[in-house]
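Only one structure is covered here, and it is reproduced in the block below.
Nothing in this text is a laboratory measurement; each read-out follows from the coordinates by a stated rule. Nothing here was measured: the structure is a model prediction, and the numbers come from that model. Neighbour counts are summed over all protein chains in view; Cβ atoms, including those assigned to glycine, are modelled from backbone coordinates with ideal geometry.
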Amino acid sequence: MRLLTLILWRLRSIYNLAFGPLNSRGLVDDKAEIEHSDYSKTFSTILFTALTYLSSNPSHFLGIDGSNNARAYLYYRFIQRNFGYLAQFFIMHGLKYYVRISRFGKNQFDNPFDFKDIYTSLDPISRGRIIRSDWMYNYFIFRLNTAR
């Protein structure tokens, strides 16, 4: 936990980029399931917004939370599929800083966490790196690539 605190302190200029429809309270519902005809185009629009923001705030970072394993894996696949293009604009990292309870029933709380599953350092995302879907990052961090 101390290491995680240190990482988050170092990245105190990280801002979470939440996206999705608004719920009844006017807040972004990032867990909503919406059908899109082109998911890649939707994700590209989100990252274009990120690029616009980071271009005006180059010392900041933007983070995208994969709210469940399926979404995190989908985001990672989008990043990999478009890595060459995205790397021109962003330096991208993955972070696995929490575990989800995946046990249900009467044994749910019998050691429900595998703390070896947490990887609390920023892991650079590189082209073609294959990561098992059961060990996927849950947070993706983008910063402006100023070397372009």
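In table form, for the structure just shown:
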item	result
Peptides ranked, highest mean first, by Cβ atoms within 10 Å: ranges 61-71, 18-28	61-71, 18-28
Residue 90 long-range amide H proximity, modeled H, under 5 Å	145
Calculated from backbone phi, Karplus (6.51, -1.76, 1.60) coupling profile of the range 55-67 in Hz, x at Gly/Pro	5, 8, 9, x, 8, 8, 10, 10, x, 10, 8, x, 5
Relative packing of 46-58, 74-86, which averages over residues the other C-beta atoms within 10 Å, highest first	74-86, 46-58
